[in-house]
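Report on the following structure.
Coordinate-derived values only; no laboratory data. The structure presented is a predicted model; accordingly, all values stated were derived computationally and were not measured. Using ideal geometry, Cβ is built from the backbone for each residue, glycine included, and neighbour counts are taken over all protein chains shown.
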Amino acid sequence: MDKAGQPVRMAGTVLDITEQKEIAEELMASEQKYRILFETAQDAIISLERNGRRIVDCNPATEKMYGYSREELLRMDSAPFALGPQCTPSETSTWDTPQEVQIHRRSAIHRRKDGSQF
């Protein structure tokens, strides 16, 4: 400021966040596609904690298949579903990805809320 209080000089920083905004928009679009797939899949999809015990998310097909509400399922661990000892994997696929995604397909007898088996 000069003696009269008028600005004489200004210092600042300019940061171009165009790329960050584009990445955020792409991520949001990807998440929306995933959510649509997850919610509309006809197969049950259950997401478990890393230790494989507690259910952290499930789709509507899971609710229909097992007869529990989503809220009930999120309070459960995965143990009550499979009957008998641990089942033997019929096919196991593990992909090393940055997200450490592991997919295991197993054959087992499962129990619905009403006690019926499938």
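Values computed for the structure shown
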{"read-out": "Gain upon complete extension [Ile46, Ala29; 0.36 nm per residue less C-alpha separation]", "value": "3.9 nm"}
{"read-out": "Dipole magnitude of region 6-57 about its Cα centre (Cβ charges: Lys, Arg +1; Asp, Glu -1), debye to nearest 20", "value": "280"}
{"read-out": "Ranked by how many other beta carbons lie within 10 Å on average, peptides 55-63, 67-75, 16-24 from highest", "value": "55-63, 67-75, 16-24"}
{"read-out": "Range of Cα positions in region 1-82 per principal axis (Å), largest first", "value": "80, 23, 21"}
